[in-house]
Amino acid sequence: MGNYEKEINRRRTFAIISHPDAGKTTLTEKFLLYGGAINLAGSVKGKATARHAVSDWMEIEKERGISVTSSVLQFEYDNFCINILDTPGHQDFSEDTYRTLMAADSAVMVIDASKGVEAQTRKLFKVCVMRKIPIFTFINKMDRDANDTFELLDEIEKELGIATCPVNWPIGSGKNFKGVYDRKKKQVITYSDTKKGTKEGETNVISVSDEDKLISFIGQENKEVLLDEIELLDGASADFDLNEVQKGELTPVFFGSALTNFGVEIFLKHFLEMTTTPLPRRAGEAMIAPAEHEFSAFVFKIQANMNKAHRDRIAFMRICSGKFEAGMEVRHVQGNKLMRLSQPQQIMANDRKIVEEAYGGDIIGVFDPGVFSIGDTICMPNENFAYEGIPTFAPEHFARVRQVDTMKRKQFVKGITQIAQEGAIQIFQEFHTGMEEIIVGVVGVLQFDVLKYRLENEYNVEIKMENLPYEHIRWIENKEIDLDKLTGTSDMKKVKDLKGNPLLLFVNAWSVGMTLDRNEGLILSEFGKE
Ligand code: G4P
């Protein structure tokens with residue numbers, strides 16, 4: 001065992017998932033504030049804007065005022081070293097958002113108390129469930145009028161299929177928000193929004209048995225409602241079971257207001273106690289334990305052309321085990337080459353910095369001269385194993401793409417194939433033809449703009465896109481199925497992906513069900529295999 005055990009065990013690496021506007025950025029800022037990584041809330045957004053200046057094609061995202069790029073933030077709190085993986089928050093999110101979840105050991109789900117479970121949360125949640133990682137719920141914006149608390153929990157259970165266990169319970173909402181009740185300690189922490197933008201500090205804590213004091217802070221009516229709700233809750237809700245939390249079957253639920261900085265530190269403390277240290281990862285038959293193995297990592301995201309002049313790419317890798325030291329020699333398994341990772345950098349709250357050392361659980365970005373692919377494994381020179389690949393996630397928008405100038409066929413195919421290999425888009429072909437017709441699938445429509453922009457600017461190819469009506473894609477899991485004999489619906493299209501895997505495109509969900517009914521034994525999957 002290496003001396004890196006202590007460092008690894010104090011790491012907590014998680015992603016924040018939410019629907020846009022639920023308060024993910026605000027919550028992240030408050031976390032950083034507690035960690036002392038920033039002094040003033042508001043810096044996270046400011047930094048994102050500054051970073052947009054870095055590259056040209058990111059002008060697109062700047063114009064739309066959104067961020068395509070998911071970033072990683074590291075900060076220290078209470079002797080924990082915390083890595084937050086930020087998932088792009090706009091509806092036009094991309095596969096990168098999903099891939100980011102592959103690098104996390106747990107997820108924090110932020111829900112707007114007046115909106116409940118929304119579309120993007122639902123999608124991201126599916127990936128967390130697939131990975132069976134612990135999921136923590138922060139119900140935000142309690143300073144605004146919120147939905148009924150029981151209904152919110154019910155919605156999470158029904159819509160997402162995960163049991164809930166409230167760790168604390170809100171008292172009122174909006175103008176009547178009085179604070180939260182800590183179920184374990186049986187005490188009320190009263191709300192105050194006077195400390196906006198600063199650390200929570202000492203909040204007022206009242207034991208529920210101290211009736212007079214409680215009434216003076218929250219009022220008679222709130223007190224009665226609270227006691228009734230506690231009784232109901234204690235009778236009805238799932239018991240807290242850390243084991244179930246860690247398997248991703250039970251989500252601990254917290255209430256608060258990120259904007260007014262209430263309930264955030266309470267959440268952070270509980271979260272750090274309940275969440276997991278860096279998880280072991282599967283490589284073939286073996287499970288690689290982070291603290292018991294020398295350096296290894298896998299690439300989960302490649303960011304192209306941060307600087308157009310240099311055509312450079314940054315490969316983001318999640319360190320799975322051991323200790324990384326700048327300049328060390330490593331093996332790139334898929335490339336079958338020994339190499340040194342160049343310009344390793346870590347993105348801190350305030351800036352990028354060159355990393356001298358990093359440990360299992362950390363994320364580093366390295367300069368990529370075009371050798372890495374998503375899912376690749378890096379390990380020590382004397383070893384040779386590959387981590388399980390990253391699945392391909394279902395695109396939801398499709399377009400037929402062709403080049404305007406037929407003389408540029410070669411550049412067109414090269415460009416679109418390279419961009420697809422980077423994982424920025426997915427490309428499909430008619431099942432029986434070659435590259436005559438290319439269908440592009442993306443998770444977020446913004447990726448179409450990025451594709452057009454990059455083909456024009458980097459490959460000098462102008463393209464025309466024709467939107468296709470497909471919204472559902474399914475990979476065919478059982479390879480023995482004869483595609484020609486498959487009977488689907490009239491809207492169904494048979495295509496193959498870059499690796500030749502067969503799949504089906506459908507206009508609506510009904511057709512997916514119909515096709516399954518009509519073909520006995522057919523197994524369809526929303527995730528493509530590597
Ligand atoms: P996101 O990253 O999930 O997209 O959400 P973000 O934190 O940017 O928050 C979206 C909006 O909701 C912001 O307002 C933010 O101030 C507000 N917000 C976040 N948390 C809370 C909360 O606990 N209570 C209330 N009342 N509002 C909250 P905005 O006006 O869109 O942006 P800004 O101008 O304030 O930055």
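The values are calculated or read from the model by the stated rules, or taken from the named source; none is laboratory data. Computed from a predicted structure; not experimentally measured. Neighbour counts run over all protein chains shown; Cβ positions are idealised from the backbone, glycine included. Protein only, heavy atoms only, side chains kept; ligands, DNA and RNA dropped before computing areas. Shrake-Rupley method; radii C 1.70, N 1.55, O 1.52, S 1.80 Å.
The calculated FRET efficiency for GLU471 paired with ASP212, based on their beta-carbon distance and R0 = 45 Å, is about 0.15. Rg and Dmax of the range 391-529, based on Cα coordinates, read 15.2, 48 Å. May I ask which of LYS247/LYS485; LYS464/LYS494; LYS30/LYS178 have a Cα-Cα span longer than 31 Å here? Among LYS247/LYS485; LYS464/LYS494; LYS30/LYS178, the Cα-Cα distance tops 31 Å for LYS247/LYS485. Sequence-ordered 3J(HN,Hα) estimates for the range 153-159 from the Karplus curve with 6.51, -1.76 and 1.60 and θ = phi - 60° stand at 5, 4, 4, 4, 5, 6, 6 Hz, glycine and proline given as x. Here, the chain yields an orientationally averaged convex hull projection of 26.1 nm² when only Cα atoms define the hull. You can think of it this way: the chain between THR487 and VAL205 has 95.0 nm of extra reach, that is 0.36 nm per residue less the Cα-Cα gap. The long axis of helix 264-274 is offset from the longest Cα principal axis of the chain by roughly 70 degrees.
Close amide H pairs (under 5 Å, H built 1.01 Å from N) link THR277 with no residue at least 5 positions away or on another chain. Backbone phi angles across the range 450-464, fed through the Karplus curve with coefficients 6.51, -1.76 and 1.60 (θ = phi - 60°), yield HN-Hα couplings of 4, 4, 4, 4, 6, 5, 5, 7, 9, 10, 6, 10, 8, 10, 10 Hz in residue order; Gly and Pro are listed as x. Residues whose amide H comes within less than 5 Å of that of CYS81, counting only those at least five positions distant or on another chain, are ARG11, ARG12 (H built at 1.01 Å from N in the peptide plane).
Under the rule of -39500 (n - 2.57) per DSSP H run of 4 or more residues, summed and divided by the residues of the chain, what mean residue ellipticity at 222 nm is obtained, to the nearest 500 deg cm²/dmol?
-7500 deg cm²/dmol
Computed extension gain for SER525 through ASN508, at 0.36 nm per residue and net of the alpha carbon distance, reaches 4.6 nm. Close amide H contacts of PHE295 (hydrogens built in the peptide plane, cut-off under 5 Å, sequence separation of 5 or more or a different chain): LYS323. Spin-label model, ALA326 to ARG122: label points 7 Å out along the Cα-to-beta-carbon direction sit 4.7 nm apart. Note that the range 178-184 has calculated 3J(HN,Hα) couplings of 10, x, 10, 9, 7, 5, 6 Hz, one per residue in order, obtained from phi through the Karplus relation 6.51 cos²θ - 1.76 cosθ + 1.60 (θ = phi - 60°); glycine and proline are x. Probing with 1.4 Å while keeping every protein chain in the model, the per residue accessible area of the chain equals 43 Å². Suppose we flag chymotrypsin sites (Phe, Trp or Tyr not before Pro) only when DSSP calls them loop and at most 15 other Cβ atoms lie within 10 Å. Which is the longest uninterrupted stretch of the chain? Excluding the exposed sites themselves, the longest stretch runs over 1-239.
Modelled this way, with points 7 Å down the Cα-to-C-beta line, the labels at LYS175 and TYR453 are 4.5 nm from one another. Can you compute log10 of I(q)/I(0) for the range 94-154 with the Debye formula, treating each Cα as one identical point scatterer, at q = 0.14, 0.24, 0.25 Å⁻¹? So the normalised log intensities are -0.44, -0.99, -1.04.
The long axis of helix 119-131 is offset from the longest Cα principal axis of the chain by roughly 80 degrees. For LYS499 and ASN79, a Förster radius of 51 Å and the Cβ-Cβ distance give a FRET efficiency of 0.70, rounded to the nearest 0.05.
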